[in-house]
Amino acid sequence: MVDDIAQLPPFPFWLSVVLAVGLALFGLFAVYRGLHRARTIENAPTARVRSAHQGYVELVGKAQVLEGEPIVAPLSGIQCCWYRFRVEERDQRRWRAVRHGESDGLFLLRDDTGDCLIDPEGAIITAQHAEAWFGNGEFGGSPGVHHRGLRPRGQVERLLHAGLELGGGVLGGSSRYRYWEQVILPGDPLYAVGHFKSYDDIDHRRNRQELTAELLREWKRNAATLRARFDRDRNGRVDAEEWEHARRVAAQEAAERYAEQMRGQQLHSLARPADGRLPYLISNLPEFGLVKRYRWSALGGLVLFFGAGAAAVMLFSTRF
């Protein structure tokens with residue numbers, strides 16, 4: 001092996017060195033990322049929705065859906081709070097991703113003091129529920145005959161990658177596509193740490209003003225309706241005094257609409273921190289399970305760092 005390394009042409013040799021160094025640096029980054037996230041979770045005090053301070057907080061509760069249009073996982077059709085999916089197509093001896101995505105719809109974290117609106121955009125989401133199955137259509141459909149059931153994420157990843165790369169394996173059979181889907185379900189335990197905000201009177205006033213402006217724009221686009229409703233002297237146009245009356249009516253209707261929208265809804269939200277320095281984490285794993293996962297990730301990065309670093313040192317010492 002030493003002789004083989006010594007006789008490598010310059011390009012393959014330096015390419016091997018660059019790859020080894022790159023893997024070592026990636027391992028070092030994985031160590032930092034895993035330990036940073038684990039420490040963030042451990043150091044963040046758990047708050048209650050009703051009494052949480054404004055800023056970076058940790059919340060623990062149950063996942064719940066919002067009223068209105070449901071969030072439906074696109075492959076399995078499961079109604080959920082959040083999903084992530086991937087569709088892969090078999091191409092001779094390998095699988096390649098043809099479709100993937102995740103939901104950005106809002107959902108709730110509910111504890112015994114109240115509800116908090118969760119915005120998943122920009123979050124690092126770890127979900128323990130997953131499904132894997134095979135089929136012959138790109139759009140997945142229901143899990144069907146090859147359905148492997150809802151199970152922890154790690155088991156599904158092992159299912160997909162253990163012995164399936166060669167022709168689909170015994171589980172895939174002759175199926176052309178394989179599907180993978182993660183979900184957070186209503187009623188799941190939910191852990192989240194991010195930027196917490198409670199809406200105050202200024203926020204409410206701003207939202208009412210936006211609704212008022214929207215109503216006025218809508219009335220302007222329909223001039224006939226505007227004249228029929230506010231042209232009190234019937235001269236065929238809405239003058240300044242009539243327009244001021246229209247503004248007062250729009251403000252009143254906007255207040256009523258806003259009150260209807262806010263009835264029964266939460267007045268708190270959790271989102272990604274604006275500065276980006278602190279992580280925004282969401283998971284239906286318990287806190288200790290999430291910490292354990294990140295520490296294992298850091299350990300894996302450490303092994304990769306030392307292994308790839310040793311390979312780079314061996315290449316250099318053998319050649320020079």
> Across region 67-103, what is the number of residues that are in contact (Cβ under 8 Å) with a residue 60 or more places away in the chain, within 21 Å of residue 115 (Cα to Cα) and not in a strand (DSSP E or B)?
Replying inline: 2
>> Based on this model, can you work out whether residue 69 counts as closer than 28 Å to residue 191 by Cα, crowded, with 17+ Cβ neighbours inside 10 Å and acidic (Asp, Glu)?
In response: no
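Say we look at region 82-130 and pick out the residues that are among the hydroxyl-bearing types (Ser, Thr, Tyr) and surrounded by fewer than 20 Cβ atoms within 10 Å (Cβ to Cβ); which of these is nearest to residue 182 (Cα to Cα)? Reasoning before the result, please.
Within region 82-130, the first condition is being among the hydroxyl-bearing types (Ser, Thr, Tyr), and the residues that meet it are 83, 103, 113, 126.
Subset that is surrounded by fewer than 20 Cβ atoms within 10 Å (Cβ to Cβ): 113, 126.
Details: 113: 29, 126: 9 Å.
Among residues in region 82-130 that are among the hydroxyl-bearing types (Ser, Thr, Tyr) and surrounded by fewer than 20 Cβ atoms within 10 Å (Cβ to Cβ), the one nearest to residue 182 (Cα to Cα) is 126.
Looking at 37, 84, can you tell me which residue is under 18 Å from the mean Cα position of the chain (by Cα), at pLDDT below 85 and closer than 18 Å to residue 282 by Cα?
On the way: 84 fails: at pLDDT below 85.
Criteria check complete, one pass: 37.
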> Is there a residue being in a helix (DSSP H, G or I), surrounded by 14 or more Cβ atoms within 10 Å (Cβ to Cβ) and of a type in the set (Ser, Thr, Tyr) anywhere in region 47-58?
Replying inline: no
> How about region 72-81: which of its residues are of a type in the set (A, V, I, L, M, F, W, C) and surrounded by fewer than 19 Cβ atoms within 10 Å (Cβ to Cβ)?
Replying inline: 72, 78
>> What pairs come out if I take residues in region 307-318 that are closer than 21 Å to residue 9 by Cα and pair them with residues that are open to solvent by 40 Å² or more (accessible area, probe 1.4 Å) and assigned to a helix (DSSP H, G or I) whose C-beta lies under 7 Å away, six or more apart or interchain?
In response: 308/23; 312/21; 315/16; 318/2; 318/6
> Are any of the residues in region 252-265 closer than 30 Å to residue 128 by Cβ, surrounded by fewer than 17 Cβ atoms within 10 Å (Cβ to Cβ), at pLDDT 85 or above and within 35 Å of the chain's Cα centre (by Cα)?
Replying inline: no
>> Please pick out the residue among 190, 166, 160 that is buried (at least 17 other Cβ atoms within 10 Å of the Cβ), at pLDDT below 90 and either under 26 Å from the mean Cα position of the chain (by Cα) or not in a strand (DSSP E or B) (or both).
In response: 160
> Is there any pair linking a residue in region 262-279 that is over 16 Å from residue 191 (Cβ atoms) and assigned to a loop (DSSP other than H, G, I, E, B) to one that is of a type in the set (D, E, K, R) and at pLDDT 75 or above, with Cβ under 6 Å and at least six apart or on different chains, and which?
Replying inline: 266/115
> Any idea how many residues of region 74-133 are over 16 Å from residue 57 (Cα atoms) and touching a Cys at 6+ places or on another chain (Cβ under 6 Å)?
Replying inline: 1
> Just for region 283-320: of the residues that are open to solvent by less than 40 Å² (accessible area, probe 1.4 Å) and within 12 Å of residue 37 (Cα to Cα), which one is modelled with the highest pLDDT?
Replying inline: 298
> Do we find that residue 19 is out of contact with any helix residue (DSSP H, G or I) (no Cβ under 7 Å at 6 or more places or on another chain), surrounded by 13 or more Cβ atoms within 10 Å (Cβ to Cβ) and in a helix (DSSP H, G or I) in this structure?
Replying inline: yes
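The values are calculated or read from the model by the stated rules, or taken from the named source; none is laboratory data. Since the model is a prediction, treat every value here as computed from it, not as a measurement. Glycine also receives a Cβ, built like all others from the backbone with ideal geometry; neighbour counts cover every protein chain displayed. Remember, those area values only see protein heavy atoms, side chains included, never the ligands or the DNA or RNA. Shrake-Rupley method; radii C 1.70, N 1.55, O 1.52, S 1.80 Å.
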